[in-house]
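Just below is one structure, and these are the notes that go with it.
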Amino acid sequence: MDRVLEEHSKLNGSWAPEPVHDLRVSLRRCILIADLMKDLDPGAGWKLMRKAARRLFRQLGALRDAQVLMEWVQKLGPLGETSTAALLEGLKEKYDQDRAAAQDAAREFDRKQWRAWSRELAGHFRHTASNQPACESLMLELWEPVRDSHRRAQRNQSGVAYHRVRVQLKKFRYAAENFLPSMYTGWAPELKFLQDLLGEIHDLDVLSQLINKHRTHSDEAARALWAKRLQDERAPRVQQYRAKMVAKASPLRTWREGLPAGREVRSAGLAKLAEWAYFVTPSFPRVRRIARLALQLYDGFSNSGLIGLDSNIEERSILHAAALLQEVGHFKKNKAHHKESYRMIRRTTPPPGWTKTDLELVALVARFHRRALPSLNHKALRGYQLPLRHLLLLLAALLRMAHAFGAKPYRAIRRLEVENCVGMIVLRAEGFTDTAPFTSKLAEATRFLEFASHRPVHILAPGAQIAAPQLVQPATHSDAA
């Protein structure tokens with residue numbers, strides 16, 4: 001954003017090709033960053049900054065297109081030929097119009113507001129850029145459109161298809177430059193080479209369309225000569241691009257190998273979800289602490305054979321995501337925010353490694369972390385088979401227990417351990433004492449966990465003796481409801 005202000009001040013009324021190009025590149029970088037950040041960080045001014053940048057970017061684009069086409073005509077068109085003179089005259093007229101529009105847009109550009117956005121957004125960007133797994137997830141999302149558009153271009157080889165590859169490649173390049181600079185250093189030469197190659201192919205295609213549009217300014221022989229010149233320039237560039245991208249050491253493959261694979265993809269996707277939660281949750285450090293406690297409970301239940309014996313879902317990562325996203329609903333409303341969290345999680349786009357179904361389950365677990373205890377027949381659960389309903393309620397019960405221990409009276413609690421004793425479950429809470437208050441939230445969470453696990457639950461400090469067995473029945477279905 002600082003570079004935009006520098007390049008904007010260099011225009012100085014000359015509107016030479018180089019400063020126009022440099023300002024457009026700086027604006028494009030800002031637009032790309034805003035595109036990636038606005039969904040992660042919806043409360044900041046990313047959309048407003050993007051809108052202001054795009055307004056100037058579009059006007060400069062029209063001017064820059066005229067400049068580039070004039071350069072190509074002067075390079076390829078024989079001097080003194082009628083068609084060459086006619087094309088240059090038409091482009092000169094277009095250039096004058098576009099320069100006037102660009103001058104108006106540059107005057108309207110609010111430098112003071114731009115500086116204010118820069119101060120506001122810089123720290124937000126740095127937070128995301130320092131989270132490498134989240135950045136890798138973003139890059140995976142951008143790599144897939146590059147791959148898909150390349151495959152379409154290989155099939156039909158049209159100018160439109162190659163232009164789409166170029167657009168996706170630019171996004172991938174500028175995202176790597178800003179979010180994964182360590183990887184970009186090795187990728188930069190090939191990315192720049194391919195972007196320039198595709199840019200020249202696009203320029204030649206646009207010039208071909210311009211010549212056909214002004215057919216009245218040239219005869220058939222001149223148009224045929226232009227077509228041959230353009231094809232002679234275009235064909236080797238297309239061949240270079242195809243040779244580079246279909247080789248065994250294809251850059252596409254190299255870029256993908258530098259990004260997460262296998263189980264790491266899901267972890268990177270979780271990091272991106274956590275980054276979103278960071279920006280929309282009022283007290284994210286507390287949420288992170290609750291998430292740690294929830295995972296300690298899950299691992300204790302898993303090691304004790306109380307969960308994870310026969311499941312077709314990624315239980316631990318679903319619980320982890322639900323714990324991190326449980327309070328995103330605060331972004332829109334404070335009252336009944338758990339219901340708003342449920343709606344927001346369901347609407348969000350799954351990151352790489354995650355599916356829409358995964359986020360549906362995450363939303364359900366987060367939905368029940370507070371307020372009224374759910375039953376097996378809750379309307380949000382009816383669409384799932386009974387074993388999965390039981391499992392979701394158990395995950396929600398673990399999250400609610402962790403949430404209860406995340407309250408102020410239990411700030412000293414650092415670790416939770418689980419013991420599978422005869423006829424009961426014992427939770428050992430490091431930092432818990434006999435004098436610690438037993439809040440209503442903790443009592444409610446205990447009842448919910450008893451209902452979901454079908455066993456009595458006792459909370460003790462480390463080293464405390466288990467009392468003699470008593471005839472304690474776990475909470476019933478009606479109790480939980």
Rounded to a whole number, the Stokes-Einstein D of the chain in µm²/s (Kirkwood radius over Cα pairs; 4 °C; 1.567 mPa s) is 49
Ordering M183, M37 by the accessible surface of their heavy atoms, 1.4 Å probe, largest first, yields M183, M37
Only helices counted: for the chain, with every DSSP H run of 4 or more residues adding -39500 (n - 2.57) and the sum spread over all residues, [θ] at 222 nm is -23500 deg cm²/dmol
Between A227 and L309, Cβ-based FRET efficiency (R0 56 Å, step 0.05) works out to 0.20
Over 25 Å (Cα to Cα) among K38/K272; K171/K339; K47/K171; K94/K213 -> K171/K339
Note on the chain, DSSP bridge orientation, antiparallel percent to nearest 5 equals 65
In nm, the gap between the two label points placed 7 Å beyond Cα toward Cβ at R126 and K10 is 2.5
By the Cα gyration tensor axes a ≥ b ≥ c (a/c under 1.5 gives rounded; else a/b larger than b/c gives prolate, otherwise oblate), the shape of the stretch 1-78 is prolate
Simple SL model, points at 7 angstrom along Cα→Cβ for R316 and H214; separation in nm is 6.7
For K335, the aspartates and glutamates lying under 15 Å Cα to Cα, once residues fewer than eight places off in the same chain are dropped, come out as E327
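The values are calculated or read from the model by the stated rules, or taken from the named source; none is laboratory data. Quick caveat, the model's predicted, so the values are computed rather than measured. Glycine gets a Cβ as well: all are built from the backbone with ideal geometry, and neighbour counts include every protein chain shown. Just so you know, the surface numbers come from the protein's heavy atoms only, side chains and all, with ligands and any DNA or RNA stripped out. Shrake-Rupley method; radii C 1.70, N 1.55, O 1.52, S 1.80 Å.
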